[in-house]
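See structure below.
The values are calculated or read from the model by the stated rules, or taken from the named source; none is laboratory data. Just so you know, these numbers come straight off a predicted model, no measurement behind them. So basically every Cβ, Gly included, is an ideal-geometry build from the backbone, and we count neighbours across all protein chains shown.
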Amino acid sequence: MFKQFKSTGLVLIFMAALSACSNDYAPTASATGKQIYASACVRCHSDKPDEANKYWVLNKQNANTAYVMDKVATGSMRMPGFKNFNAEDLEKISEFVLQHSVIK
């Protein structure tokens, strides 16, 4: 019985973690990439860049607008997709991400 409770508890914790990262945020037309980041991303990502004003480390293969736009739009296992972002919003946040990333 304890084994079943433990498994159920882990599933509930995982579902709660995913729901905490879901977001119905829709940027305003005038929102900048930085404003979109502050409203939609900072809850799960850092709000403080390093001393070089960088938030992320991206490998060369993923350091492009198409990849970042797709990642933001569709999400991944740990990151929700932002379905309320239009193409312009995705472009703005992608530019912000690329400008504030270390490329390796």
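Restricting region 47-104 to residues that are more than 13 Å from the chain's Cα centre (by Cα) and among the small types (G, A, S) leaves a set whose member that is surrounded by the fewest Cβ atoms within 10 Å (Cβ to Cβ) is A52. One residue stands out in region 69-87 among those that are in a loop (DSSP other than H, G, I, E, B), among the hydrophobic types (A, V, I, L, M, F, W, C) and more than 15 Å from S39 (Cβ to Cβ): the one that is modelled with the highest pLDDT, namely M79. Looking only at region 58-71, residues that are without any contact (Cβ under 8 Å) to a residue 24 or more places away in the chain and not hydroxyl-bearing (S, T, Y) come to 5 in all.
Entry remark, region 1-54: residues being within 14 Å of R78 (Cα to Cα), modelled with pLDDT of 80 or more and either among the hydroxyl-bearing types (S, T, Y) or not in a loop (DSSP other than H, G, I, E, B) (or both) number 1 in total. Considering region 55-65 alone, what residues qualify as being among the polar types (S, T, N, Q), in a helix (DSSP H, G or I) and more than 20 Å from A31 (Cα to Cα)? If the condition is that a residue be among the polar types (S, T, N, Q), in a helix (DSSP H, G or I) and more than 20 Å from A31 (Cα to Cα), then Q61, N62 are the ones that fit.
Condition check ((1) of a type in the set (K, R); (2) within 16 Å of A26 (Cβ to Cβ)) across all residues:
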| site | (1), (2) |
| --- | --- |
| Y67 | no, no |
| S76 | no, no |
| K83 | yes, yes |
| N86 | no, yes |
| L90 | no, yes |
| I93 | no, yes |
| Q99 | no, no |
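If we keep just the residues of region 55-68 that are at pLDDT below 95 and aromatic (F, W, Y), which is nearest to V42 (Cα to Cα)? My answer is Y55.
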